[in-house]
Amino acid sequence: MTRVIYHQLSITADVARVWELWTVPAEVEKWFAPIAHIDPIVGGRYELFFVPGNLPNKNTAGCHIVHMTPGQELTFTWKGPKQFSNLMNAPVPQTTVNVRFKQNHDGTTCVKLFHKGFGDDTTWDYAYDWHELVWAGVLNQLQAAVERSEWLLGFSNMPQQKNTVSCVG
């Protein structure tokens, strides 16, 4: 298993705020999943329920935090949706998501996301491609949750140019 999904972006918020958005259940529920059971300790739950009316099928129940350095790094196991359950939802091989946080000099926070554990053979292609798209959307949702007041329905003063800061390191 060598394929890794990688996405990064810089968010207009300090690292403490972005960390909360990933580790405090009430904050996660605002942008990622409507129900979140998160115990922010190594071994603690990292369970997200995406469709409240379909709790048994649209969730990451059983996932947990495997590594954590507060304000810097969060790693948790991950389950795919039902169509990938035979492939990636067994105890082995379960994929992992690693999210890294770094404060940029301009006050923004660099977020790097790595989703590891995808197999190289063709049976993993659809799961890999699906998650590649979904994680891009998840990070867009995160950015929108933090910065939405700037862009709310286009009624505010929108800047002429939105600066993107490279995530170096």
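The values are calculated or read from the model by the stated rules, or taken from the named source; none is laboratory data. Owing to the predicted nature of the structure, the values given are computational and were not obtained by experimental measurement. Please note: Cβ atoms are built from the backbone with ideal geometry, for glycine as well, and neighbour counts cover all protein chains shown. When the accessible area is computed, the model is the full protein with side chains, heavy atoms only, and any ligands, DNA or RNA have been set aside. Shrake-Rupley method; radii C 1.70, N 1.55, O 1.52, S 1.80 Å.
General observations
- Size of electric dipole in the chain: Cβ of Lys, Arg +1 and of Asp, Glu -1, about Cα centre, debye, nearest 20: 80
- For the chain, the solvent-accessible area of protein heavy atoms averages 53 Å² per residue (probe radius 1.4 Å; ligands and nucleic acids excluded).
- Calculation over all alpha carbon pairs of the chain in 10 angstrom steps from 0 returns a P(r) of 10, 37, 36, 15, 3, 0 percent.
- With the helix formula -39500 (n - 2.57) applied to DSSP H stretches of n ≥ 4, the chain reaches a computed 222 nm mean residue ellipticity of -8500 deg cm²/dmol.
- Angle between the chain longest axis and helix 125-151 axis [Cα atoms, degrees, rounded to 10]: 30
- Working note: Cα gyration tensor of segment 34-114, eigenvalues times five, square-rooted, sorted largest first, giving semi-axes of 26, 14, 12 Å.
- Neighbourhood net charge (11 Å Cβ-Cβ; Lys/Arg +1, Asp/Glu -1) for Tyr6: +3
- Rel. contact order, % - alpha carbon contacts under 8 angstrom, at least six apart, segment 1-102: 18
- Each Lys or Arg adds one and each Asp or Glu subtracts one; over the other residues with Cβ under 13 Å from the Cβ of Leu21, this totals -2.
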